[in-house]
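Taking it in order: structure first as structure tokens, then the write-up.
The values are calculated or read from the model by the stated rules, or taken from the named source; none is laboratory data. Remember, predicted model here, so these are calculated numbers, not experimental data. Because the Cβ atoms are built from the backbone with ideal geometry, glycine has one as well, and the counts that use them run over all protein chains shown. For the accessible areas, the whole protein counts, side chains as well, though only heavy atoms, and no ligand, DNA or RNA atoms are used. Shrake-Rupley method; radii C 1.70, N 1.55, O 1.52, S 1.80 Å.
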Amino acid sequence: MEPEHHEIVIVGGGFSGIGTTIALTRAGFDDVLVVDDADGPGGVWQWNTYPGVAVDIPSFSYQFSFAQGSQWTRSYAPGHELKAYAERCVDEYGIGGKFRFRTRVASATYADGRWRIETSTGPLTARWMIHAGGPLSQPKLPDIPGLDEFAGPSMHTSRWDHSIALDGKRVGIIGTGATAVQVIPEIAPVVERLTVFQRTPIWCLPKFDFPIPAIGRRALAVVPGAKALSRLASQAYVEATFPVLAHFHRFIPGTNAIEHAARQYLATQVHDAATRDRLTPRYALGCKRPSFHNSYLATFNRSNVDLETGSIEEITATGVRTADGVEHELDVLILATGFKVTDRDALPTYELIGPEGENLADRWDRTHLRSYQGVSTVGFPNYFTVFGPYGYNGASFFTLVENSAAHIVRVLREARRRDARTVEVTAAAQDAYMESVLARRGNQVFADPTCANANSYYFTKNGDVPFRASTTLEATWSSRRFPLSDYVFAP
């Protein structure tokens, strides 16, 4: 029996998959199948339901430019509103029939002009394959002895178990990254005692989070230009706070003033000097993803919250033992240890074998992460990534999705026009792109020597930071204006 065939198979039903499917459908590509192992659309917002989950850039930027919402109840939308937005986009653009959930891809192999894709619900074949998996979907468990020995309930924040009651319990949380910053203030008031195990402190800045009243939402919906103006202001703020500061750090005077302001904010929030010192980062702002929250730091003033900065020796049946020999007895253990971002089994999450029998993970281990605009990779024809290495510049994730989708659509339209069987980026084009991106590394904040103290997931095991060092305007332009001669179209 022949496997089920589709012209295009997209792996990932989050906003990457949704945006790419909409772009392809608009361009006249109808035979598209989207597979995802979740229960519904939304990706990170389908999986992450922990207390306090919310977007960490303004809602007006965290949306598609062609589907700007007026329903946000806050300037930084809570997670359930983002999940509802994903479902609404699927419904309004009529693409729901193209999704197949509870389907996990195990491997994909290219041969004879097609990808053969093995999934948990049966094999598929496709002329074109697009990986639309995001970086915040595959939980990363800590490499700590005894992790499986804990006798009480435990969970990773991205797979929150709402059946586990925390009221009156002794709770431990490992990690103080962006997720923990949101969880800790939410659960501290209800638990008996909360022990926070911190490896590396995080820069935390105030969050301009405010409610949007019904009259404001109504104005966004009916006043001409209101959505455009709010989005323009939001985009400018996002651009200034990451892409510009991170990628052009060397040319911007006064960046130390921002760190000074962050320290001043810390001083106003945390009363105890010793605790404040332990919460102070020893690396430049930007080496690691900073966080924005208005009550995280102040939570450490609570009498039932302990900050433990000693290294963890092991997890026992009853708690966590630190290197000083102290065992912290716990009833519940929470892992806020982040996600697999540039790990071998995360980009992509399945084994991908090219026409020469090479595994993409092996290729990237050998040559470091390399791509063309984060979309294509030499040696892997008819395969595209929405969130590939050196494609994301750190601005709104939705800008990346629209840029990558525009790039992919442009290539596939040309392939259709030429009746091409295979498409592959040229080695010269990829080399030129990588040379141009890597030439800017010295200008980035990541070149600061203090970044070695950050334990940042931005850095790969080889010490690379696979961001696209550019402004959003440049990335948007080049995603739509690259020479088609950068690809080989074979009939």
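Remarks
- Entry note, the chain: the mean residue ellipticity at 222 nm calculated from DSSP H runs of n ≥ 4, each adding -39500 (n - 2.57), is -8500 deg cm²/dmol after division by the residues and rounding to the nearest 500.
- What the chain shows is 42 Å² of accessible area per residue, with the surface traced by a 1.4 Å probe over protein heavy atoms.
- Of the chymotrypsin sites (Phe, Trp or Tyr not before Pro) found in the range 123-231, those that fall in a DSSP loop while having at most 14 other beta-carbon atoms within 10 Å are PHE208.
- Cα centroid of the range 216-256 to Cα centroid of the range 43-68, whole Å: 16 Å
- Aspartates and glutamates with Cα under 14 Å of LYS83, excluding same-chain neighbours fewer than 8 positions away: ASP39, ASP91
- Charge context of ALA23, other residues only, Cβ under 14 angstrom, K/R +1, D/E -1: +3
- Dipole in debye (nearest 20) - the range 305-443, about Cα centre, beta carbon charges: Lys, Arg +1; Asp, Glu -1: 1360 debye
- Unmatched cysteines, the chain - criterion: no other Cβ of a Cys under 4.7 angstrom: CYS89, CYS204
- Average Cα contact separation per residue, the chain, under 8 Å, 6 or more apart, as relative contact order %: 20 percent
- Accessible surface of the range 34-101, 1.4 Å probe: 50 percent of it comes from carbon and sulfur atoms.
- With Cα atoms defining each centre, the range 1-42 and the range 74-141 are spaced 6 Å apart in the structure.
- Counting only protein heavy atoms and using a 1.4 Å probe, the accessible area of VAL223 comes to about 70 Å².
- GluC sites (Glu not before Pro) lying in DSSP loop within the range 180-244, provided at most 16 other Cβ fall within 10 Å: GLU192
- Rg then Dmax, both in Å and based on the Cα atoms of the range 242-357: 19.8, 61.
- Taking label points 7 Å from Cα along the Cα-to-Cβ direction, VAL190 and ARG100 give a separation of 3.9 nm.
- On the range 303-419, 43 percent of the accessible area sits on carbon and sulfur atoms, based on a 1.4 Å probe.
- When the solvent-accessible area of the range 420-491 is split by element, carbon and sulfur atoms take up 57 percent of it, the probe being 1.4 Å.
- Rounded if a/c under 1.5, otherwise prolate or oblate - the range 346-461, Cα gyration tensor axes: prolate
- Only one residue of THR179, VAL222, PRO142 has its Cα farthest out toward the positive end of the dipole of the chain, where Lys and Arg carry +1 and Asp and Glu -1 on Cβ, and that residue is VAL222.
- Each Cα pair under 8 Å and six or more residues apart adds its separation to the average, and for the range 263-422 the resulting relative contact order is 9 percent.
- Cleavage-rule hits (chymotrypsin sites (Phe, Trp or Tyr not before Pro)) in the range 10-72: DSSP loop, at most 16 neighbouring Cβ within 10 angstrom: PHE66
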